[in-house]
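Student: Please see the structure below; I have some questions.
Laboratory data are not the source of any read-out in this text; all were calculated from the coordinates shown. No experiment lies behind these values; they were computed from the predicted model shown. FYI the Cβ positions are ideal-geometry reconstructions off the backbone, even for glycines, and counts take in every protein chain you see.
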Amino acid sequence: MSAGSDKRLNLLVVDDSAMMRAMIKRAAGLSKVPLGTVYEASNGAEALRMLETISVDALFTDINMPVMTGIELLAALDRQDRWKDLLRVIISTDGSNARREQGVQLNACQYVEKPFKPEAIRDVLATLL
Amino acid sequence: MSLPHSSSPPAPAELLTLLPEVVAEVAEHAFFAWAAPCEEREFADLVAASEASRSVPAPAAWLRARVGFRGVVKGSLEVRLPVALARELGIALTGGSPADGLTDQELGDVAGELANMLCGVLLTRVDRRQAFELQPPQVARVADVRDGAARSEHDQFFCLNDRPVAVRFGAWEP
């Protein structure tokens, strides 16, 4: 998605840890990228429900979550054309090549390994501007 | 690095070798904190100092977070840390102020995320080629750093922001 210069980016952060969601929100806030609303979901299923009613430019998802994992969420998004322009970012402690390749196959164009510095989130968001 | 297949028992030797640098990296990058290994005697001194620093006695002043992992190796990693340290790390993680209170759930999240990151970075270092599975962290408040657990040869002691942290590897439990 190509965002206009005055556009504020809406984000959806999906992680079962409220503290990690807060950390990602904080990193996004430090990025100096103009932000609109940063939505939060605690698992993939909750994220899918939210996406029915909100408009977001980028989705940051953890992998290991209860109810629906990040991989299952990405697979569900991949099955529908309506999400083809949504920037999908995996944020995970699993930095293995196999997991990264799985993400690529599910059209997650960015991969951030935990732990990360705030600059990693800034760099991802910068690709939307 | 060559390691047994996941059906083999845990290989703590490799994990133990990598653990100090991984603890330091996670502490610095996620929590803006400083960490280094310490001997058991120094750890005992840190525990005593931590106990003495509490203004009022707390019946469960420690957090224990356990994460099972299965990939190129399988087993579990358990972290024990004072609640006061979890509070400090949580504030650092989210950029809050020391005056901010954290709920029990949030403190548990911090301990769980610490265990989760240690596991993930360790397993990625062991073999970057293979994906792995992490169980959701199991977190509990405990009265004591030992909490009845016998000394294990796999216990590792750390000083994190001048506070004691113990890490132990165990078996995978489905």
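Student: So how do A:Val67, B:Val139, A:Val33 line up by other beta-carbon neighbours within 10 Å, fewest first?
Tutor: Least crowded to most crowded, the residues run A:Val67, A:Val33, B:Val139.
Student: For a quick check: sort A:Leu87, A:Leu59 by the number of other beta carbons within 10 angstrom, fewest at the front.
Tutor: Ranked by crowding around the Cβ, least crowded first: A:Leu87, A:Leu59.
Student: To the nearest 20 debye, what charge dipole does chain A have about its Cα centre, counting +1 at the Cβ of each Lys and Arg and -1 at the Cβ of each Asp and Glu?
Tutor: The calculated dipole for chain A is roughly 320 debye.
Student: Ordered by residue, what ³J(HN,Hα) values in Hz, to whole numbers, does the range B:155-168 give under the Karplus form 6.51 cos²θ - 1.76 cosθ + 1.60, where θ = phi - 60° and Gly and Pro are x?
Tutor: Values per residue, Gly and Pro as x: 5, 10, 10, 9, 10, 10, 6, 6, 10, x, 9, 10, 10, 9 Hz.
Student: Further question on the same structure: Where in chain B are the DSSP H helices whose C-alpha atoms run 24 Å or more along the long axis and whose mean Kyte hydropathy is at least 0.0?
Tutor: B:12-31, B:104-126
Student: Per Stokes-Einstein, at 37 °C and 0.692 mPa s, what whole-number D in µm² s⁻¹ belongs to the range A:28-129, with the Kirkwood radius over Cα pairs as the hydrodynamic radius?
Tutor: 235
Student: Here is a follow-up. I'd like the mean, over residues of A:19-28, of how many other protein chain beta carbons sit within 10 Å of each residue's own Cβ.
Tutor: The mean count of partner-chain Cβ atoms within 10 Å per residue comes to 5.
Student: To continue, here is another question. Across peptide B:103-110, how many C-beta atoms of other chains are within 10 Å of each residue C-beta, on average?
Tutor: That average works out to 3.
Student: Additional query: Ordered by packing density, taken as the mean number of other Cβ atoms within 10 Å over each peptide's residues, highest first, how do B:79-86, B:39-46, B:121-128 rank?
Tutor: B:79-86, B:121-128, B:39-46
Student: Under a plain spin-label model, where a point goes 7 Å from the Cα along Cα-to-Cβ, how far apart in nm are A:Leu35 and A:Asn107?
Tutor: 2.6
Student: What dipole magnitude, in Debye to the nearest 20, does the range A:55-109 give about its Cα centre under +1 on Lys/Arg Cβ and -1 on Asp/Glu Cβ?
Tutor: So the dipole magnitude of the range A:55-109 works out to roughly 60 debye.
Student: Further, regarding this structure: Share of antiparallel DSSP beta bridges in the protein assembly as shown, in percent to the nearest 5?
Tutor: The answer is about 65 percent antiparallel.
Student: Here's a follow-up. Can you give the FRET efficiency to the nearest 0.05 for A:Thr127 and B:Ala49, using r as the Cβ-Cβ distance and R₀ = 51 Å?
Tutor: 0.65
Student: Restricting the calculation to Cα positions, tell me the Rg (one decimal) and the Dmax (whole number) of the protein assembly as shown in Å.
Tutor: In Å, with Rg to one decimal and Dmax whole: 19.6, 61.
Student: What dipole magnitude, in Debye to the nearest 20, does the protein assembly as shown give about its Cα centre under +1 on Lys/Arg Cβ and -1 on Asp/Glu Cβ?
Tutor: Charge dipole of the protein assembly as shown: 460 debye, to the nearest 20.
Student: For every other residue with a beta carbon closer than 12 angstrom to the beta carbon of A:Asn64, add +1 if it is Lys or Arg and -1 if Asp or Glu, then tell me the sum.
Tutor: For residues surrounding A:Asn64, the net value is -4.
Student: Based on other C-beta atoms within 10 Å, arrange A:Trp83, B:Trp62, B:Trp34 from fewest to most.
Tutor: Lowest count first: B:Trp34, A:Trp83, B:Trp62.
Student: Oh, and also: What is the Cα centroid distance between the range A:1-57 and the range B:18-42, reported in whole angstrom?
Tutor: A separation of 31 Å, based on Cα centres.
Student: Please compute the average number of Cβ atoms from other chains found within 10 Å of each residue's Cβ in peptide A:52-62.
Tutor: 0
Student: Give me the lysines in straight-line cross-link reach of A:Lys32: C-alpha distance below 29 Å, same-chain residues under 8 apart excluded.
Tutor: A:Lys32 reaches A:Lys7, A:Lys84, A:Lys114, A:Lys117.
Student: Among B:Val72, B:Val23, B:Gly101, whose Cα sits farthest toward the positive end of the charge dipole of the protein assembly as shown (+1 at Cβ of Lys/Arg, -1 at Cβ of Asp/Glu, about the Cα centre)?
Tutor: B:Val72
Student: Moving on to the next point. A:Asn43: net charge of surrounding residues, Cβ under 12 Å, Lys/Arg +1, Asp/Glu -1, itself excluded?
Tutor: Local net charge: -4.
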